[in-house]
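Encoded as structure tokens, the structure appears first; notes follow it.
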Amino acid sequence: MEYISHSLAETESIAQSLAEHLKDGDTLALYGDMGAGKTAFVRGLIKHLIPECLRLVHSPTFALVNEYKGESRAVYHFDFYRLKDDDDLYSIAFFDYFDRGGIIVTEWSELFDDLLPKDKKTVRIEKLNESERRIYADFGD
Ligand SMILES: Nc1ncnc2c1ncn2[C@@H]1O[C@H](COP(=O)(O)OP(=O)(O)OP(=O)(O)O)[C@@H](O)[C@H]1O
Ligand SMILES: [Mg+2]
């Protein structure tokens, strides 16, 4: 599926509608350069999945992971940007999150693509100009 977004709000609303197709246990890998709109996309997802956590959504660049927990669902939002190698991924216990049954979303997925689940869903965001983005979503169905 391919979309063209003309604004931040449109990227959020595209994410909001794609969020309907995410279920517990899914991994969603986000790809795209700095400022592409990955964190914006996560805001849209959370708007749909756990709206009460919307105010908590920000780039987890320093925290490495943000956890959004609603009454019946959880989303674990990772940002790999500052991680250097596989050891770093183990030291933040990334793989333990797969046993928790929530939805895992990763920014800067290109850095550890080989270590992500084979059946992951993917979203690639390409910056066309200041305000436009091309968004390719592969949800495998
Ligand atoms: N169509 C658009 N979709 C998303 N963001 C847009 C769009 N047009 C402009 N922007 C701007 O681009 C920026 C996207 O920032 P965001 O933090 O979501 O990017 P990111 O991919 O998470 O970057 P980083 O790699 O630094 O984490 C925001 O400043 C936003 O206002
Ligand atoms: Mg970000």
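The values are calculated or read from the model by the stated rules, or taken from the named source; none is laboratory data. Keep in mind that what you see is a predicted model, and the values were worked out from it rather than measured. Neighbour counts run over all protein chains shown; Cβ positions are idealised from the backbone, glycine included.
Some observations on this one:
- Region 17-38 - residue that is free of Cβ contacts under 8 Å to residues at least 60 places away in the same chain, more than 12 Å from the chain's Cα centre (by Cα) and more than 16 Å from ligand 2 (Cβ to nearest atom) and, of those, farthest from ALA74 (Cα to Cα): SER17
- In region 57-85, the residues that are buried (at least 20 other Cβ atoms within 10 Å of the Cβ) form Cβ pairs under 6 Å with partners that are of a type in the set (Lys, Arg), at six or more places apart or across chains, as follows: VAL57/ARG43.
- Count of region 113-141 residues, restricted to those that are in a helix (DSSP H, G or I) and either closer than 16 Å to ALA9 by Cα or in contact with a strand residue (DSSP E or B) (Cβ under 8 Å, 6 or more places away or on another chain) (or both), is 1.
- Looking only at residues of region 39-62 that are within 13 Å of ligand 2 (Cβ to nearest atom) and modelled with pLDDT under 95, we find that the one that is farthest from VAL105 (Cα to Cα) is PHE62.
- In the condition set (1) of a type in the set (Val, Ile, Thr); (2) within 16 Å of ligand 2 (Cβ to nearest atom); (3) more than 16 Å from the chain's Cα centre (by Cα), VAL105 is compliant with all but (3).
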